[in-house]
1. For H120, H130, give the ranking by accessible area with the largest first, probe 1.4 Å.
2. Quote to one decimal, in nm, the extra length available between K391 and T113 on full extension: 0.36 nm per residue of separation minus the C-alpha distance between them.
3. Run the reach check for K123 against aspartates and glutamates, Cα to Cα strictly under 14 Å, same-chain hits fewer than 8 apart removed. What comes back?
4. Keeping all protein chains in place, calculate the accessible area per residue for segment 222-320 (probe 1.4 angstrom), answer in Å².
5. Using only the alpha-carbon atoms of segment 262-358, report the extent along each of the three principal axes, biggest first, to the nearest angstrom.
6. If you place +1 on the Cβ of every Lys and Arg and -1 on the Cβ of every Asp and Glu, how big does the dipole about the Cα centre of the chain come out, in debye to the nearest 20?
7. Could you calculate the FRET efficiency of T413 with A264 from 1/(1 + (r/R0)^6), where r is the beta carbon distance between them and R0 is 25 Å, rounded to 0.05?
8. Taking R0 as 41 Å, what's the FRET efficiency between Q247 and K99 from their Cβ-Cβ distance, rounded to 0.05?
Amino acid sequence: MEAHYNRLNKKLEQLLQKPSKHPTPPARNEDQKQFYTRIKNLTNIELNTEEIQLLKYGLNYSIENPVATYVTNLAAETEEAIRPLDEKLQNTYGFLAAKKLKQIINSASQTNTLQKRQLHIVKELNKKLHTHKAMITQADKGKTVVIIGSKDYADKVQSFLTINNFNTLTRDPTNKFQKLINKTMQECDSIIDKRQIRFLTQKKPAPPVLKAQLKLHKTDIPIRPVVNNRTAPAYKLAKHMTKILNQHINLNNQYNIMNSVNLANDLTKLEIQENHRLITFDIKDLYVNVPIQETLDITKNRLLQNNNAQTTQQVISLLRVVLTQNYFTFQQTIYQTNQGIAMGSPISSLIAEIFLQQYEDKNIKHLLDTKNIAYYARYVDDILIIFDTTKISPHTITRYINNIHSNIKLNTT
């Protein structure tokens, strides 16, 4: 056996000494590897080298807390974990745990220079932000850290709210929505079992909160709204209704692409001609422009294809109460729109998909059938079209698509 390992070691040494046929490429500096910049400063705040380096770690970076802030809880949780053990084992594990906790405390007594320095940098950075009335947020792509004036940030959000016709509410509708959900679930007994209701009821409902990510790659840097819907009265019911809809409706996904591999496979099967060109779009503010009543009508027609009238009616009643709770709070003000589905709701992507697939079946199929376009595919709200320049122009395509539905507007990308 020893001779066998000696032979293997000898072969390994020969391989290590043998020059490689593929020389190692020269190392690239960090900036060359990055597609997105790590920090974007939209203010006149001057950052020092240490502040820039810390911000480059990103908003999810966690600075180690001093041991004193958590050692008491750690000791209590350790004791609680040991207590259920057999009495013969408790003393042994208690001794080992105490020894380990002592090691942690002793190691913390040695100065943690990096931790203290990073906490100092954060403190100084917060002072600068406070002095210049600025804040830190994130870009919608690449996890870029963005420094922006607080007023500029609020103005961009207000611009989005104004363009999309959001109204301010004088009273918090959360309790009213909660009662309406409970009442509707009680009435829809063929869809919601009475025993399920308490599990689908939000225990401590509160208005969802809107935050904004910045679209640095677009002119004027508009926002991408991000709404945390987990506290909303309809959140749990929305998750449940997503499962119900998937069980009762079959979407054809004819024009959907799931990922880049799916797209590549489609394109390899396509016969590309010299006169073919490519154009891409994105749908402007999709969720806030999906018409609720029209989408409910589409959903109802689809449900009736495979379900009885009672089931269909109860599903629609539950969907209506979920979809109309499209409200949120921003800077202590509550907003709601007259149209559009809730941003951040678990059911919104499916509802948008139901509407868009109907939209495509009625209007995009015509362009494909007439051979004006050779290929059409969509990934969520991003659209790719390959068209024949001898039959149609990009301007005609844009004008045609933007005139199909008053709510749906596409921007070229």
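1. Numbers: H120 80, H130 150 Å².
These residues rank, largest area first, as H130, H120.
2. On the way: separation 278, 0.36 × 278 = 100.08 nm, distance 6.84 nm.
Length difference between fully extended and current span is 93.2 nm.
3. Excluding near neighbours in sequence, the set is E50, E51.
4. On the way: 5270 Å² over 99 residues.
Solvent-accessible surface per residue comes out at 53 Å².
5. 52, 45, 19
6. Working: 55 positive and 36 negative charges, 134 e Å.
The calculation lands at about 640 debye.
7. Numbers: r = 19 Å, r/R0 = 0.77.
Computed FRET efficiency for T413 and A264: 0.85.
8. On the way: r = 55 Å, r/R0 = 1.33.
Approximately 0.15, to the nearest 0.05.
The values are calculated or read from the model by the stated rules, or taken from the named source; none is laboratory data. A quick note: this is a predicted structure, and the numbers were derived from the prediction, not measured. Neighbour counts are summed over all protein chains in view; Cβ atoms, including those assigned to glycine, are modelled from backbone coordinates with ideal geometry. SASA here: full protein model, heavy atoms, side chains in, ligands and nucleic acids out. Shrake-Rupley method; radii C 1.70, N 1.55, O 1.52, S 1.80 Å.
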